[in-house]
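Please read the structure below before turning to the comments.
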Amino acid sequence: MRDAPPVLSLTPLWRVTQAAFVLGLALSCGLFVESAARERQDARRFDLAPQAITPLSASPVGTSGPTWPLSRLAPGHACTSALTLEPKTGALIVLTLEAPCLADQRVEISHAGLRFAVPMPVGRPLRLTLPALEASGEVEILLQDGRKIAEAAPVPDMKDHRRFAVSWTGPQALDLVAWDGRVEVSLAEPRATLGTDAGWMAELGDAALPHPALAQVYTYPAEAQAEVTLRATSLPGLCGEKLIARTFSSRLGQAEATGLRVDLPECSAGPVVMHLKNLDQDVKVASR
């Protein structure tokens, strides 16, 4: 009896084949997963890139920055300014200055040599009433940027009024006080109420400005007589100092100016009275 041929076992070979198949499948899946992950990562990178660029304003949306006068934003910016003068009954000149881009800046006003300074209002024109010293009504404006504007408004009723004025550069150390024989008129009592022939006092300039330029003007009827006293008061830091001023006497539409030096007294000194001859009237200068 022949021996049966040997039977080969396929089990080891099958296992090797199965293992190779599983390994190949695993590698394929791994490559697929890695490829998918890379695609997702690339997609995320692409999503971060802007699709369009939209210009944005300098201020956040829905908010606005502070609004400044043009002069603060751009020094030297051309500014259109206009000066208007209008005569008014009582030998007065109504002054209107429009300079919108010079808000809060210094404005110097000069008339017949009388000079004073005020700040330019914010958001509105500068408007003030000026007691005229000369019938020509010439007024010059000096703006802080160095420009000058000049206009004139003839004043027809100057012959009915007389005026005495003082102007100076410095703090509020001088005061005009007038006596017409019946009542005293000063800044404390700027206008008498005893009739249409009574005198009145006007103050010009802003003492709060740096290096203030101030003026005071006393008006009284042309046929009246008045005694004017200029009182000088010592202020802290000014005791014993010299103050330079100018006085003005206006009659029949013409003004004459006189230089004046006031020696302020020492803080502990008593009052000192000086007399000045100014045209047709005696002017007393009292220091205290």
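Just so you know, the averaged projected area of the alpha carbon convex hull for region 78-287 sits at 11.9 nm². Taking 0.36 nm per residue of separation and subtracting the current Cα-Cα distance, fully stretching the chain between E241 and D263 would add 7.3 nm.
Give the shape of region 106-181 as rounded, prolate or oblate, defined through the alpha-carbon gyration tensor: a ≥ b ≥ c are the square roots of its eigenvalues, a/c under 1.5 means rounded, and otherwise the shape is prolate if a/b is larger than b/c and oblate if not. Because a/c hits 1.5 or more and a/b fails to exceed b/c, region 106-181 counts as oblate. Positive end of the dipole of region 78-287 (Cβ unit charges, origin at the Cα centre): among P156, P125, P236, the Cα lying farthest that way belongs to P236. Name the residue from A165, Q105, A255 whose Cα lies farthest towards the positive end of the charge dipole of region 78-287, charges +1 on Cβ of Lys and Arg and -1 on Cβ of Asp and Glu. Most positive-ward Cα: Q105.
Applying the Karplus relation 6.51 cos²θ - 1.76 cosθ + 1.60 with θ = phi - 60° to region 248-256 yields 3J(HN,Hα) values of 10, 10, 10, 8, 6, x, 10, 10, 10 Hz, where x marks Gly and Pro.
Roughly speaking, what is the centre-to-centre gap between region 126-171 and region 79-120 when only Cα atoms are used, to the nearest Å? Comparing the Cα centres of region 126-171 and region 79-120, I get a distance of 8 Å. Using a cutoff of 8 angstrom between alpha carbon atoms and counting only pairs six or more residues apart, the relative contact order for region 78-287 works out to 18 percent.
Bear in mind these aren't lab numbers, they're just calculated from the coordinates by the rules spelled out. Being a predicted model, the structure only gives us computed values, none of them experimental. No Cβ is skipped: glycine too gets one built from the backbone with ideal geometry, and neighbour counts run over all protein chains shown.
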